[in-house]
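Beneath this line is the structure, given in structure tokens, with notes to follow.
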Amino acid sequence: MTVIVIAAVFCAACTIYLVFPIAQTHRRTTHTLMIALPTLALAIYMALGTPDMPGAGALFEREGPRAESRAAVKDELNAMEALSKDPDNAALMLEIGSLQLSSGRTQDAIKILERARELEPKNNDIRLQLGAAYFVSGLDAAQQNEKEKARENFKKAQKTAPKDAPYLGDLKKIIKEF
């Protein structure tokens, strides 16, 4: 918001500076410039954007982190729509949970993966992802100095994960440290 205010003040100062000498003799040109210059400045601002708010050009990016993020959200929405039509589809729940886990929404992933595990308790893919979700949740809790919560999540990860999960060795070491 601060950037917009600074841009507006700068634009107003530039407009007055440029238009004032012309105002004495060419009134119609002055009015046109008073409208055109701020509009042009706003268009440039919207095209370039800021670090917090990407410009309009970001909507058309085909590669890069923003494009990948948009694709992941689109994939999750498509999977959610399909799940709404088939609410007991564990494969869709696994897909949604994996997408949520990769986007950093660990608690959401745990909820949907727990539901998938209820439907298919012997599915190793679901158990592997759920164990990974609990592992990440434990790491997040450890980072926030919530040791009991971290230990609980690590133990859930160890209990949930299949015996051939690639992260079990690291998990055992971490549990020993807690």
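The values are calculated or read from the model by the stated rules, or taken from the named source; none is laboratory data. These numbers were taken from a predicted model, which means no experiment stands behind them. Because the Cβ atoms are built from the backbone with ideal geometry, glycine has one as well, and the counts that use them run over all protein chains shown.
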From Gln100, Gln143, Gln129, which residue is within 25 Å of Ser69 (Cβ to Cβ), surrounded by fewer than 14 Cβ atoms within 10 Å (Cβ to Cβ) and in the same structural domain as Ser69 (by TED's automatic domain parsing)? Gln143
Under the condition of being among the aromatic types (Phe, Trp, Tyr) and part of a loop (DSSP other than H, G, I, E, B), which residue from the range 150-178 is nearest to Gln107 (Cα to Cα)? Tyr167
Quick one: would you say Pro121 is surrounded by fewer than 21 Cβ atoms within 10 Å (Cβ to Cβ), modelled with pLDDT under 90 and assigned by TED's automatic domain parsing to the domain that holds Val73? no
Quick check: is even one residue across the range 147-156 polar (S, T, N, Q), free of Cβ contacts under 8 Å to residues at least 12 places away in the same chain and assigned by TED's automatic domain parsing to the domain that holds Ala109? no
More than 14 Å from the chain's Cα centre (by Cα) and of a type outside the set (A, V, I, L, M, F, W, C), is that true of Glu81? yes
When you look at Ala72, is it modelled with pLDDT under 80 and either hydroxyl-bearing (Ser, Thr, Tyr) or out of contact with any Gly (no Cβ under 7 Å at 6 or more places or on another chain) (or both), yes or no? no
Quick check: anything in the range 105-112 outside any helix (DSSP H, G or I), at pLDDT 90 or above and out of contact with any helix residue (DSSP H, G or I) (no Cβ under 8 Å at 6 or more places or on another chain)? yes
Condition test on Gln107, is it under 24 Å from Glu68 (Cβ atoms), crowded, with 20+ Cβ neighbours inside 10 Å and in contact (Cβ under 8 Å) with a residue 12 or more places away in the chain? no
